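Asker: Sharing a structure with you now.
The values are calculated or read from the model by the stated rules, or taken from the named source; none is laboratory data. Bear in mind that the values here come from a model prediction, so they are computed numbers and not experimental data. Using ideal geometry, Cβ is built from the backbone for each residue, glycine included, and neighbour counts are taken over all protein chains shown. Areas reflect the complete protein model, heavy atoms only, side chains present, ligands, DNA and RNA absent. Shrake-Rupley method; radii C 1.70, N 1.55, O 1.52, S 1.80 Å.
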Amino acid sequence: MPPLDEYIEEIRDLWDSRWLTNSGVKHNGLADALSRYLNVPYTALFTNGHLALENAIAAFDLTGEVITTPFTFISTTHAIVRNGLEPVFCDIESDHFTMDPAKLESLITDRTSAIVPVHVYGHLCDVIEIERIAKKYNLKVIYDAAHAFGSAAKGIGAGNFGDASMFSFHATKVFHTIEGGAVTSKDPQLIERLNYLKNFGINDDGGVESIGGNSKMNEFQAAMGLCNLRYVEDSILKRKMIFERYTENLKGIQGIRLPQAQKDVKPNYAYYPVVFEDYKYNRDEIYKKLADENIFARKYFAPLTNQMVCYQGQYTEAVTPNAEYISERVLTLPLYAELSLETVDEICMSIKR
Ligand SMILES: *Cc1c(COP(=O)(O)O)cnc(C)c1O
């Protein structure tokens, strides 16, 4: 959290203006500041990441099937299904756990209208290959970039790929606005449509041409974002040190696979995922043993979204062996800017013990 005094200073003018929501000064200031920080042309803010994604998908008036991956937070699949679309699950590649473009093309049918890939753990998808395939079949690409705040490929910010990208500013993410989210795009008309959709479909003249809900970011959320944005670079640097400390401690241990750097990608060090393969204990045993010592790692993502009760047996059975393999073996270790390096050492000692 930012220093309390700084947040109080940031919200002080709201007591004068009495302008609490609906595109206020803080909201518009944050949208501009984020466009600059993320190095993207346009940003539409939302009250949370999930509704940002749901609205982004809605804005394209898609039909039929949408190809996505099951190795993600449940929100991605829900956002597709809540738009009346059918998710088709593509496998992930096993180095960085993002959609495997080599397995994508065979899933495309004449009912496919879009692809929703996920930049897992702040790693970027193979955006070039996905774009090539999308162009060939005239498909929209909407990235779930919830994990990718501040990540970039060859200097190009994560929010520049595909037709649109969704970011989450939930309290648990690298950058937060308590709850919050955004859609970035190079298409100003899409951003305008999203800004209407998030406010009941009401346009600048007061007319209503589209059927929107209410998913606006309020001024208090935006003020939190303005404060946190001042510290995010520092926070990513601290994460990097923690990330590297984990690697120093855990490298070279038989049966523990550590996160791989991606060529030409600047990551945001959002997560430290460890894959336990043929280690002395399996993932679930390690999870439990760590919890017994008050170390709360997360089985992130397990189960796969298509294995959740609400989706079991609903769609054509997915063939996603890599996703299943990783989901059964991965654990994300504690990682937040204030985590001390000494605590990282202790966590690693526990794992080794
Ligand atoms: C956090 C997250 C979301 C949802 O964002 P909220 O801001 O929590 O609504 C969607 N997808 C992924 C991959 C996430 O990690």
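Asker: Restricting to the range 62-85, count the residues that are over 20 Å from I133 (Cα atoms), open to solvent by 30 Å² or more (accessible area, probe 1.4 Å) and among the polar types (S, T, N, Q).
Answerer: Total satisfying the criteria: 1.
Asker: Being buried (at least 21 other Cβ atoms within 10 Å of the Cβ), more than 24 Å from P321 (Cα to Cα), within 20 Å of the chain's Cα centre (by Cα) and away from the ligand (no atom under 16 Å from the Cβ) narrows it down to one residue among A52, A59; which is it?
Answerer: One residue alone meets the criteria, A59.
Asker: Hey, among the residues in the range 86-96 that are within 16 Å of the ligand (Cβ to nearest atom) and open to solvent by less than 10 Å² (accessible area, probe 1.4 Å), which one's farthest from I133 (Cα to Cα)?
Answerer: If we take residues in the range 86-96 being within 16 Å of the ligand (Cβ to nearest atom) and open to solvent by less than 10 Å² (accessible area, probe 1.4 Å), then P87 is farthest from I133 (Cα to Cα).
Asker: If you take the residues of the range 149-207 that are within 14 Å of the ligand (Cβ to nearest atom) and of a type in the set (K, R), which of them is most open to solvent (accessible area, probe 1.4 Å)?
Answerer: Among them, the one singled out is K173.
Asker: Within the range 320-330, track down each residue that is in contact with a strand residue (DSSP E or B) (Cβ under 8 Å, 6 or more places away or on another chain) and either not polar (S, T, N, Q) or not in a helix (DSSP H, G or I) (or both).
Answerer: T320, A323, I326, R329, V330 - these are the residues of the range 320-330 that are in contact with a strand residue (DSSP E or B) (Cβ under 8 Å, 6 or more places away or on another chain) and either not polar (S, T, N, Q) or not in a helix (DSSP H, G or I) (or both).
Asker: Being in contact (Cβ under 8 Å) with a residue 12 or more places away in the chain and assigned to a helix (DSSP H, G or I) narrows it down to one of G212, G225, so name that one.
Answerer: Working: G212 fails: assigned to a helix (DSSP H, G or I).
The unique qualifying residue is G225.
Asker: When the residues of the range 132-148 are filtered to those that are in contact with a Phe, Trp or Tyr (Cβ under 7 Å, 6 or more places away or on another chain) and open to solvent by 10 Å² or more (accessible area, probe 1.4 Å), which remaining residue is farthest from the ligand (Cβ to nearest atom)?
Answerer: Of everything passing the filter in the range 132-148, K140 is farthest from the ligand (Cβ to nearest atom).
Asker: Let me ask something additional. Among the residues in the range 216-226, are any under 30 Å from E342 (Cβ atoms) and buried (at least 19 other Cβ atoms within 10 Å of the Cβ)?
Answerer: yes
Asker: Return the total of residues in the range 85-109 being free of Cβ contacts under 8 Å to residues at least 40 places away in the same chain and not in a strand (DSSP E or B).
Answerer: Of the residues in the range 85-109, the ones free of Cβ contacts under 8 Å to residues at least 40 places away in the same chain are 85, 98-99, 101-106.
Keeping just the survivors that are not in a strand (DSSP E or B) gives 85, 98, 101-106.
Going through the range 85-109 one residue at a time, the tally reaches 8.
Asker: Does the range 39-46 include one or more residues that are open to solvent by 10 Å² or more (accessible area, probe 1.4 Å), more than 24 Å from C310 (Cβ to Cβ) and in contact with a Phe, Trp or Tyr (Cβ under 7 Å, 6 or more places away or on another chain)?
Answerer: No, that holds for no residue.
Asker: Right, next: Does the range 66-75 contain at least one residue that is hydroxyl-bearing (S, T, Y) and closer than 12 Å to V141 by Cβ?
Answerer: yes
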